[in-house]
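Written below as structure tokens is the structure these notes are about.
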Amino acid sequence: MPYINAEDIMAARQVDLLSYLQTYEPNELVHLQGNTYCTREHDSLKISNGKWHWFSRGIGGRTALDYLVKVKEMSFPDAVRLLTGAPIQTYVPPKEHRTPKERKLLLPEVDTNCEEVRKYLQGRGIHPTIIDYCIENKLLFQTANYKNALFVGYDGEGKPRYGALRSTFSAYKSEATGSDKRYSFSIMASTTADTVHVFESAIDLLSFATLQLYEGGDWKSQNLLSLAGVFMPKRQGVVPVALSRFLDENPQIKTIRLHLDNDEVGRAAAVGIAEGLADYTVIDEPPGSGKDVNEQLQLKVGLIKRKEDRER
């Protein structure tokens, strides 16, 4: 384990969580009332009076260092280096069209195997062939501490730029510190393809690939892109950053097939994307059954039953 001197540790412990989030992850902060905040990713993680507590996990602390280690699964040396590597400055919101700075991605330590992740994904209907492909191509890992599934996204040079974390035994989900949503989880086509299939999450993406496999399709010939979540657009023509980046780097793309969720947010996001990409052929293809693509898969393979079947 790398040596960290006492002065650096003391300096890191002086950084409170609110100051850290205001500087490094301002979009994660949600103001509740007074001096109380929560994070956008975890609404049960409350920050108030210099302390924070994650009620759904029963853990808490005072410092940003505690948060990075306990919540973000960062190693202690990496967390100290992050907090002491640059001075804390007052956050200035970027201009709307400002080019984002490259972030330093800090991925959690990973296991030598993916057994818990395999069981979890197979339990959600993902075919072993799809899981093996992702593991072999370093798209999927299992974290060492909590056995979370870690879905990794890369840039055009093969450098990891994004990490999505999903618990294998609870509803917990998060992103690795420094994740850049422009490079979210994706599987590129093995051949030149002029179409991209778009999903809200990595698990929906893998579910679609599984459905293609069951239907005899060549899922490896498809461009598959996860958006790392969508939101209710506040203005017309909003295109998620992951899709914008993908289209900029893949000028051969002519058609975009949207497989977003069957809920209000997913439907609104689909409309916003179609409005913002008038130069493309945008086809809205929500799941034919279930609330999302994974539920559609689970219904197909019998892991869950339709409501009308349960009521018989």
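The values are calculated or read from the model by the stated rules, or taken from the named source; none is laboratory data. All values derive from a computational prediction rather than experimental measurement. Note: ideal-geometry Cβ built from the backbone for every residue, glycine included; neighbour counts use all protein chains shown.
For the range 161-213, the set of residues classified as among the aromatic types (Phe, Trp, Tyr) and either in contact with a strand residue (DSSP E or B) (Cβ under 7 Å, 6 or more places away or on another chain) or free of Cβ contacts under 8 Å to residues at least 60 places away in the same chain (or both) consists of Tyr162, Phe169, Tyr183, Phe185, Phe199, Phe208, listed by residue number.
Taking the conditions (1) part of a helix (DSSP H, G or I); (2) surrounded by 20 or more Cβ atoms within 10 Å (Cβ to Cβ); (3) out of contact with any strand residue (DSSP E or B) (no Cβ under 9 Å at 6 or more places or on another chain) in turn, Val230 satisfies each one other than (1). The number of residues in the range 198-222 being part of a loop (DSSP other than H, G, I, E, B) and more than 21 Å from Gln298 (Cα to Cα) comes to 1. Scanning the range 146-159 for residues that are on the phi < 0 side of the Ramachandran plot and surrounded by fewer than 17 Cβ atoms within 10 Å (Cβ to Cβ), which turns out modelled with the lowest pLDDT? Restricting to residues being on the phi < 0 side of the Ramachandran plot and surrounded by fewer than 17 Cβ atoms within 10 Å (Cβ to Cβ), the top hit is Gly156. Residues that are without any contact (Cβ under 8 Å) to a residue 12 or more places away in the chain and of a type in the set (Ser, Thr, Tyr) within the range 25-37 are absent altogether. Go through (1) modelled with pLDDT under 95; (2) surrounded by fewer than 16 Cβ atoms within 10 Å (Cβ to Cβ); (3) under 20 Å from the mean Cα position of the chain (by Cα) and name the single condition Leu105 misses. Result: Leu105 passes all but (2). Scanning the range 233-253 for residues that are loosely packed, with under 13 Cβ neighbours inside 10 Å, within 15 Å of Ser184 (Cβ to Cβ) and in contact (Cβ under 8 Å) with a residue 24 or more places away in the chain yields one hit, Glu249. Filtered by the rule that a residue be modelled with pLDDT of 95 or more, polar (S, T, N, Q), assigned to a strand (DSSP E or B) and surrounded by 20 or more Cβ atoms within 10 Å (Cβ to Cβ), the range 176-197 gives a lone residue, Ser186. Among the residues of the range 129-145, are any of a type outside the set (Ser, Thr, Tyr), touching a Pro at 6+ places or on another chain (Cβ under 8 Å) and modelled with pLDDT of 95 or more? Yes: the range 129-145 contains one or more residues that are of a type outside the set (Ser, Thr, Tyr), touching a Pro at 6+ places or on another chain (Cβ under 8 Å) and modelled with pLDDT of 95 or more. In the range 254-305, what count of residues is obtained for those that are crowded, with 20+ Cβ neighbours inside 10 Å, touching a helix residue (DSSP H, G or I) at 6+ places or on another chain (Cβ under 9 Å) and farther than 23 Å from Glu215 by Cβ? The number of residues fulfilling the criteria is 1. Considering only the range 223-239, state which residues are out of contact with any helix residue (DSSP H, G or I) (no Cβ under 7 Å at 6 or more places or on another chain) and modelled with pLDDT under 95. Gly229, Lys234, Arg235, listed by residue number. For Ala171, the test of being at pLDDT below 95, more than 20 Å from Glu109 (Cα to Cα), crowded, with 17+ Cβ neighbours inside 10 Å and not assigned by TED's automatic domain parsing to the domain that holds Trp54 is failed. State whether the residues of the range 23-33 include one that is at pLDDT below 85, of a type in the set (S, T, N, Q) and assigned to a helix (DSSP H, G or I). Yes: one or more hits.
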